[in-house]
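Below is one structure, written out as structure tokens; the observations come after it.
Read-outs: derived from the displayed coordinates by stated rules, not from any lab. It should be emphasised that the depicted structure is a prediction, and the values quoted were computed from it without experimental measurement. As a convention, Cβ positions derive from the backbone with ideal geometry for all residues, glycine included, and neighbour counts pool all protein chains shown.
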Amino acid sequence: MVQTLIFYRALARFTPPGNVNWLHTRMDYLSGRAAMIIWSPFILDELSGLRRDQPVVPDIARGEPGFLARNTGFVTVIHGPGGAAQYGQVNYLGVTTGADKAEAKLWVKFLLTGGYLRWLAMAAEGKLPVRKGTLEAPNRFLDGWMKLEFGVTTRARISRFYGMDVVKTIISGLDGFDRWGFAEGKGALISKIYGTKIIPEILKRFLGGELSPKQAARIMDERVKALQQRARP
């Protein structure tokens, strides 16, 4: 954790000044102020210039719509000396014990076959085909997703800006999702860590110079252990 904090602070030095949130990072990249950001696939439509209130400055400067989208690389897993990390959220389907199981199973079957692309089309730029295809057509849903439209002010097919190589790179990141802490039975603790925001609060103090890397790591450890005691059933 100490090594991670030191590395994070080094990266933070290349970040535009101020308290930066998700909106600022998107604006910084699309305006050309930042060369790299960590974002979800929901940026794909803004990156393509399909939102009037979010102009893509490199596209305008070059007079080439879609320039930044075509020249953006995507990394789905971040590798380092201590391992790898990624972030994502998978939508799960569950059938309750009191449900009409026969009808529910029919709905699930429809949603993952004939209705799958219609479901993804609700927000195609961020809803990715975790189910890539079928035995008969392994790329059925990948190909179908490419044909879906996305955008806010203007609508366009995803394939207009992104080719299959980009899609496969993004999708490949889904193959290794491991929900943080859940596999170890720490789901309740993880929820409390997110809910209390103790990590970003301590991280902010560290980045502001109030805490050393060792002090920040020690306080994080203490706070998480205290939450762990309260999270036990």
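Remarks
- Dipole orientation for the chain: of the candidates 85, 141, 226, 226 has the Cα lying most toward the positive pole (charges on Cβ; Lys, Arg +1; Asp, Glu -1).
- Dipole axis of the chain (+1 Lys, Arg; -1 Asp, Glu on Cβ), positive-most option in 117, 67, 94: 94
- Packing-based exposure ordering (other Cβ within 10 Å, fewest first) of 112, 50: 112, 50
- Extension reserve of the residue 101-residue 218 stretch, reckoned as 0.36 nm per residue once the Cα distance is removed: 37.2 nm
- Placing unit charges on the Cβ atoms of the charged side chains and taking the dipole of region 78-197 about its Cα centre, the candidate lying farthest along the positive direction among 190, 150, 180 is 150.
- Ellipticity estimate at 222 nm from DSSP helix runs (n ≥ 4, -39,500 (n - 2.57)) divided over the chain, nearest 500: -12500 deg cm²/dmol
- Relative contact order %, region 108-233, counting alpha carbon pairs below 8 Å whose residues are six or more apart: 14
- Given charges at beta-carbon only (K, R positive; D, E negative), |dipole| of region 136-206 in Debye: 400
- Correct choice for Rg and Dmax of the Cα atoms in Å that was computed from the model, options [x] 25.2, 89; [y] 23.9, 70; [z] 21.0, 60: [z]
- A Cβ-based charge dipole, computed about the Cα centre of the chain with Lys and Arg at +1 and Asp and Glu at -1, lands at about 440 debye.
- Structural descriptor for the chain: relative contact order 19 percent, calculated from alpha carbon pairs under 8 angstrom and at least 6 residues apart.
- Taking 16 Å as the cut-off, the amide N atoms of region 137-179 that come nearer than this to a point 7 Å along the Cα-to-beta-carbon line of residue 90 belong to 171-179.
- Between residue 157 and residue 61, the contour length at 0.36 nm per residue exceeds the alpha carbon distance by 32.2 nm.
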